[in-house]
Structures are given as C-alpha cells and as structure tokens.
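S.K.: Shown below is the structure under consideration.
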Protein chains: 2
Amino acid sequence: MTSQAPTRAYRRLSVEERRSQLLDAALSLFAVRAPEEVSLDDVAETAGVSRPLVYRYFPGGKQQLYEAALRSAADELEHCFAEPPEGPLTLRLSNALDRYLAFVDQHDAGFSALLQGGSVIETSRTTAIVDGVRRAAAEHILTHLEVAEPGPRLRMTVRMWITAVEAASLIWLDEEKEPPLDELRDWLVEQFVACLVATAGRDAQSASVVTAALAMESADGPMGALARRVLPVVSGAAHLL
Amino acid sequence: MTSQAPTRAYRRLSVEERRSQLLDAALSLFAVRAPEEVSLDDVAETAGVSRPLVYRYFPGGKQQLYEAALRSAADELEHCFAEPPEGPLTLRLSNALDRYLAFVDQHDAGFSALLQGGSVIETSRTTAIVDGVRRAAAEHILTHLEVAEPGPRLRMTVRMWITAVEAASLIWLDEEKEPPLDELRDWLVEQFVACLVATAGRDAQSASVVTAALAMESADGPMGALARRVLPVVSGAAHLL
C-alpha cells in the first residue's frame, strides 16, 4: 500500500489576500521570535509560498515586511479604541480596554516584539508608527472626555496612563497572564480614574472633567465599588485634613 | 602684528579620564542628534582627539561607544534613586525625583535618544541596560515601602508609575520643559500616591503600605495639600456610596 503525501490545497489569491496572508505569517513569527531572528525564508515557509513570491510583495526585504506587519498591527490596535460616546466613561474605557487586551493576549510575544522595539530593525519610521498608536489612543480618550481644547496637564495625564497600560500589558505577558483579563481591565480603569482625580486637584479643567464623569456613574457601577473599597483605606488619614 | 592661534592646553590623561572624556563627548552629541547620526569622527572632533584614539578606547566602534555611553548614563540614573530610608515617603520620593528630573533636564534630547531607543543602534543589550534602570528604580521604591515580598499588584503599580514618569519626562522635554520642574515633581508624587491608593482598594498588601505611609505624613505636607485639593472635586460624588 502506498500512502499519498497530503497535497496543499491550492487556490489563487488576490493581491490583497496574498499580502494579508504574508503579513499574518510574519506576525505569527514575530509573535514567537525577535524580528531580527525572522528571515524571509521563514515567512515563505510559514505561508507555504516561495521566497521570490515574498520578495515580489516586499521588494524592500525584511525591513519593509517588518514595517508592513507593524503598520497592520497598529491599524488593528487603533480599531480597538473606537467606541460610541454613550454611557458612563468607565464603561466605554472598559470596552476599549477589552478589545485592546484581547489583542495583547492574542499576539502575545509578538505584541512585545512589535510595540516594545528593542530590535535591530527598529528605525525612526517604526517608532513613528508605534507613537501614532499611542497618539490615536490619547485622542480617542480626550474626545470621550468632551474637552474641546485639552490643556497640558490633562493631556499629560492621559498619555501617562496610556504608557502605563502598555507597561502593564508587557508585565502581564511576562507574568504568565496574571491577573485574569477582566480583573486587569477593571484595575486599569480604576488607575485612570485615580490619576485623573489626582490631577484634578491641580487643574480646573481636569476637575470639571472628573465632576462631569462621576455624575454619569452609579453606586452599583465600577466607581461605586471603587469608592467603597478605597474609603476604608484612607479613612485613617483624617490627620491630613 | 601677528596674532597667535590659541594652542590647545595639553595634558596627559589617565586611561579612566580619557575614557570618561570620550563618553562625555559622545553623550553631548547623543543629546542633540540621533545615535545613528553620530560618527566616531564627530566624537573625536568634539573631544579634540584623533579618530584612532577613539578607536583605541572603543575598538568595537560606534556600537561599543553607544553601549558604554548608555551604561554610563544608566549608572548615573541609578545613583539618583539612592535615598536614605528616613522621613515621610513623599519626601523621599521627592528627593529621588529631583535628582532624576535634573538628569533629564541636563541631558535633554540625549535622554530621549538614550533611553527611548528608536535607534538603529538599539539591540537587546541596550534594551537590557535601559530595563535594568527601570528595575533598579522599582527595587528602590519597594525597599522604601518596606515590603519584604511585594505581591504582583504592588509591583505592577510601582512599575507602571515608573513607566509613566519616563513618559512624563519625555513629554516634558517635548513641551518646552513645562510645567516647572518642582511642580512636575510634586505632581508625579501625587500620581504615585493616587495609583497606590486605587490599588489598595483591591490588594490587602498595598492597603497596609498606604496606611503605614499616610501615618507618616502631616497636614502641612504634600499629602495634606493633596487631600484638601482633591476632597472638593470628589465631594459631589456622594451618590456613588
């Protein structure tokens, strides 16, 4: 008896489908290896295509492929932030974080490799792509805060929190994905509110934002829970007043 | 009348002095240009020495010089964090931040170039140096919090704040060094306390840390001021309780 080797199901892909197939293959490799350890041969093998075909789509070689993969990941990330301007702010932030953290969870080490840099392939162009994602996230948040002209303190607070979320994501991947995603998400929302409240102590614009935001929250929502959990912790500090 | 060209004051430097002179020259160049735009010729010219001499000290060329400059900056940064374990925590944090922010102020664009990466010279080794600084900062803070075995939430909170401080420093450099340094420092301290208090709502260890820390603070100190400024902002949120 002769056993037949399985033949690859073959179908003609459009240019866009082929490009997207190659980017998926590249992203899956970047997810488990540092970019400098991924060759075009590897991408060709993973995608089940010839090396010349990879070069036809990415004539600039690895650098071009890496940038295209990063651009594709950045687009996907920016989609995470889109959220309708309805309901309590903490709910909107939760929804956006859910999508963002799902992306982190799915891309795993590739998220670190792509967004953290630390690669010989990194250039000012790739840095600009990553910074673009951060800026887009900040713009989305500021839009939800309904501030026409956000001042420097409010902007800095938002941007600091975004960096902190990135750091938390990398630590979370590093620490075997603990705590569970929904707990991490709720905690990140609480951190945002805490940072904003502290800034509100120094900045009238942030104070208005906090006042308006808290008015939309309810006792049985996340802010009610936070308030009830935090009050006992600070109740012993009456000597500060 | 003939005017004499000024002659370079010449003195024999020890190996250590020469090395340090070359690193200073490199750092001053990295402060105004991206690392990939700094050549060994530039370093030789800035230091007023011959190119072969630069190569004698850094036979590995630009990569070695860059790593040595980064290592030297990292050592200097780590020195900023050393603070005796005395007095209120906010005062200790203020003192460490004063030194750190003075470093940022002094090295300016070089701080971004060296610590932010985004350079073709960046490798896993330089990333490790920068991560080492972040880890050292976290260790210092955890020591001051007097926690023998910090749990994941407390560690994550501290590391998130350190990343946020880094982000704030880069934004501060970007925004023409506004607000003034002492205001930025006080605000960063307040952000730390706010993050820690929010975490304390979910984590018993962090709650003990907050309780112990607040007990050391006084009404006329920064925490008293923060409490009095924040209370009016949240006083309208009684519906959450």
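S.K.: State whether one or more residues within the stretch A:179-201 are over 15 Å from residue B:194 (Cα atoms) and facing chain B (nearest Cβ under 7 Å).
M.R.: Within the stretch A:179-201, the subset over 15 Å from residue B:194 (Cα atoms) is A:179-186.
Within this subset, residues satisfying the condition of being facing chain B (nearest Cβ under 7 Å) are none.
Checked against the condition, which is being over 15 Å from residue B:194 (Cα atoms) and facing chain B (nearest Cβ under 7 Å), the stretch A:179-201 yields no hits at all.
S.K.: With A:40, A:65 as the choices, which residue is modelled with pLDDT under 95 and touching a Gly at 6+ places or on another chain (Cβ under 7 Å)?
M.R.: Answer to the check: A:40.
S.K.: Okay, next question. Filter the stretch A:222-236 down to residues that are among the aliphatic types (A, V, I, L, M) and more than 7 Å from chain B (Cβ to nearest Cβ) and give me whichever is nearest to residue A:95 (Cα to Cα).
M.R.: A:225
S.K.: Inside the stretch A:62-109, can you point out the residues that are more than 30 Å from residue A:42 (Cβ to Cβ) and assigned to a helix (DSSP H, G or I)?
M.R.: Listed by number, the residues that qualify are A:89, A:90, A:91, A:92, A:93, A:94, A:95, A:96, A:97, A:98.
S.K.: Moving to a separate point now. Among the numbered conditions (1) in contact with a Pro (Cβ under 8 Å, 6 or more places away or on another chain); (2) at pLDDT below 95, tell me where residue A:72 comes up short.
M.R.: The failed condition is (1).
S.K.: Within the set of pairs 6+ apart or on separate chains, which have a first residue in the stretch A:211-223 that is within 16 Å of residue A:195 (Cβ to Cβ), a second that is of a type in the set (D, E, K, R) and crowded, with 16+ Cβ neighbours inside 10 Å, and C-beta atoms under 8 Å apart?
M.R.: Taking only residues 6 or more apart or on different chains, the pairs are A:222/A:186; A:222/A:190; A:223/A:217.
S.K.: Checking the condition at the interface with chain B (Cβ under 9 Å from one of its Cβ atoms), outside any helix (DSSP H, G or I) and of a type in the set (A, V, I, L, M), which residue from A:219, A:207 passes? Write out each step before concluding.
M.R.: Values: A:207 fails: outside any helix (DSSP H, G or I).
Testing whether each residue is at the interface with chain B (Cβ under 9 Å from one of its Cβ atoms), outside any helix (DSSP H, G or I) and of a type in the set (A, V, I, L, M) leaves just A:219.
S.K.: I'd like the residue in the stretch A:104-128 that is surrounded by fewer than 18 Cβ atoms within 10 Å (Cβ to Cβ) and at pLDDT 85 or above and, out of all such residues, is farthest from the other protein chains (Cβ to nearest Cβ).
M.R.: In this case the residue turns out to be A:106.
The values are calculated or read from the model by the stated rules, or taken from the named source; none is laboratory data. Only a predicted model underlies this, so the values are computations on that prediction, with no experimental measurement involved. Note that we place each Cβ from the backbone using ideal geometry, even for glycine, and neighbour counts take in every protein chain shown.
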